[in-house]
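The values are calculated or read from the model by the stated rules, or taken from the named source; none is laboratory data. Quantities reported herein were computed from a predicted structural model and do not represent experimental measurements. Neighbour counts run over all protein chains shown; Cβ positions are idealised from the backbone, glycine included. With ligands, DNA and RNA removed, areas are computed over all heavy atoms of the protein, side chains included. Shrake-Rupley method; radii C 1.70, N 1.55, O 1.52, S 1.80 Å.
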Amino acid sequence: MLYTFAGGGTLCGLAALVLLIVSTATDFWMQYRYSGSSANQGLWRFCINHKCHTHTITVGESSPLVAAITSRFHAVEPFWDATRAFMLLAVLSCFAGVVLGLSFKFVFLLCVYLHGPFSGFLALLALSIYTGVTVTFFGKRFVDWRFSWSYIIGWVAIILAFAAGVFQLCAYQRTTAEPAPSNTADT
């Protein structure tokens, strides 16, 4: 039973990693109509009629201090940067958890408490930020809009990351609850 839980945790973690990478890299977080044309956007760029451009939209008013700091470093927009950063950290954390889960059997505790639910929590922060900005700003700007498949698989990845943590936790509890098998030979 131990290997079933550990294997399930590793499988969920690997699936979450793949989905997080695909969600972060693709341009279909939101689809909308712009001047009668179909358009979509992701974390890195937006596309109108299959012509893609980097993000240049400013959301809301920034403080003069934030504007001065971001203009020096050519930052696009704080909410884009926050969403990207949390998604990239979630990918890295999930990758570390999968590698540790596959290679080291004695670090169950580290895999459980650091990488499974932690990567899910980072992705949850990223998707929450994106959801809040999309609903309050883009939802008012574009009449015909919807969340798209990249965004949805991000939420599926969150569920899988938390499930990986639960499975790893169950596997860890099994190792501490079950007595070690005895190696006494019958003579």
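Restricting the range 140-187 to residues that are among the hydroxyl-bearing types (Ser, Thr, Tyr), assigned to a helix (DSSP H, G or I) and modelled with pLDDT under 75, the residue that is nearest to residue 98 (Cα to Cα) is 172. Listed by first and then second residue, the pairs with beta-carbon distance under 6 Å, at least 6 apart or on different chains, first residue in the range 82-97 and more than 15 Å from residue 17 (Cβ to Cβ), second aromatic (Phe, Trp, Tyr), are 83/130. Tell me, which residue of the range 14-37 that is at pLDDT 90 or above and not hydrophobic (A, V, I, L, M, F, W, C) is nearest to residue 144 (Cα to Cα)? Selected residue: 31.
For the range 1-42, the set of residues classified as open to solvent by less than 30 Å² (accessible area, probe 1.4 Å), within 19 Å of the chain's Cα centre (by Cα) and free of Cβ contacts under 8 Å to residues at least 60 places away in the same chain consists of 41 only. Residues in the range 69-89 that are open to solvent by 70 Å² or more (accessible area, probe 1.4 Å) and either outside any helix (DSSP H, G or I) or at pLDDT 55 or above (or both): 74, 88, 89.
Kindly evaluate residue 56 against the criterion of being over 23 Å from the mean Cα position of the chain (by Cα), at pLDDT below 90 and assigned to a loop (DSSP other than H, G, I, E, B). Against the criterion (over 23 Å from the mean Cα position of the chain (by Cα), at pLDDT below 90 and assigned to a loop (DSSP other than H, G, I, E, B)), residue 56 qualifies. Just so you know, in the range 154-172 the residues that are of a type outside the set (Gly, Ala, Ser) and within 17 Å of residue 130 (Cα to Cα) include one that is most open to solvent (accessible area, probe 1.4 Å), and it is 155.
Residue-level check: of (1) of a type outside the set (D, E, K, R); (2) open to solvent by less than 50 Å² (accessible area, probe 1.4 Å); (3) modelled with pLDDT of 75 or more; (4) not in a strand (DSSP E or B), residue 92 misses just (2). Look at residue 64 and say whether it is open to solvent by 70 Å² or more (accessible area, probe 1.4 Å) and either among the charged types (D, E, K, R) or modelled with pLDDT under 85 (or both). So residue 64 passes the test.
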